[in-house]
Amino acid sequence: MQQAMHYGMVIVTVLVWRYYFMNCAWRGFYAGCPGLLIVSQLIVAILVSKDILRDPVFYRIMTLFSSASAAIGWLSSVVPLTEIIQEGSEGAMVGLTLSLYFLVDIFIQTNSVGLFEGSNFYNIAEFLPPLIYVVCMRAPF
């Protein structure tokens, strides 16, 4: 459900850009990217830390702002590329860019799952006693 909401918000953001912001000043649109991300996460952090609102639906909706921010970031890399590419090759360039973007995204999501598991790190208790022994034996007393 979360992925459907994410991609739905990406589509909505692209459509808003296409029909409203395409012929406007692009700086204002791209400046909204960090604004959407920072303000939405700040609101969530305040509400969680103060225990003001504990509604899962609200938090799902707040993640949509980060999806819009991701879409704006994606548009900022694709739109200038399609403007400078040779006429007639825009679709192929967007296809290549999107393919690379989603392949890297799949790689990141796959490898970040196990990154924070405890089994991926050394247990310092296993190495500390031999290390203390080596340091104490070499220390001049």
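Values quoted throughout were computed directly from the atomic coordinates according to the rules given, and no laboratory measurement underlies them. Not measured: the values here are computed from a predicted model.
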Exercise. Report the full-extension gain for the segment GLN86 to VAL16: residue separation times 0.36 nm, less the Cα-Cα distance, to one decimal in nm.
Key: 22.6 nm
Quiz item: Length gain on complete extension for the stretch VAL48 to SER77, per 0.36 nm per residue less the alpha carbon to alpha carbon distance?
Solution: 7.1 nm
